[in-house]
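Just so it is clear, none of the values below were taken in a lab; they were calculated from the coordinates. Not measured: the values here are computed from a predicted model. Note: ideal-geometry Cβ built from the backbone for every residue, glycine included; neighbour counts use all protein chains shown.
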Amino acid sequence: MDCSPPGSSVHEVLQARILEWVTLLIAFICVRTSFWTSYSAYSYFEVVTICNLIMILAFYLVHLFRLYRVLTCISWPLSELLHYLIGTLLLLIASIVAASQSYRQSGLVAGAIFGFLATFLCLASVWLSYKISCVTQSTALAALHVSIVVY
């Protein structure tokens, strides 16, 4: 059973994460350099974007240096899934709050738009990660089934 869309690979997921990172960075810079109309709304937006930036960078480094092979006590696919689901939800909430409190300030509107774009990219990244892990598990199960049938 192949669960992946045509052409999806780990390389595409890493490219999507770099794109997420850049989008989050642009959203943070837009909000940070603008005149704030609501301190609590935009400080929340900054905290969410910075936390997502740090976690995306951490998971990117784990994949880049293949630390998941050394740190086997952590379920990396599960931790990434949880991070992306929770981070995407918090980013969506922060973007909605930022958009509602922008009062036509161009930098704040741009930050909210990039926040929504980053939310979409995080959802796409979760989808691609799920598809790739589904293929890996399906392939492993098929190989196990073939080895059982051979014996």
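Packing around the peptides 113-119, 13-19, 86-92, taken as the average count of other Cβ atoms within 10 Å per residue, puts them in this order, highest first: 113-119, 86-92, 13-19. Here, segment 29-82 has an Rg and a Dmax of 15.7, 47 Å when only alpha carbons are counted.
Could you sort the peptides 72-81, 20-29 by per-residue average Cβ neighbour count (10 Å cutoff), highest mean leading?
Averaged packing, sorted descending, gives the order 20-29, 72-81.
The slack between Leu61 and Leu89, meaning 0.36 nm per residue of separation minus the straight C-alpha distance, is 7.8 nm.
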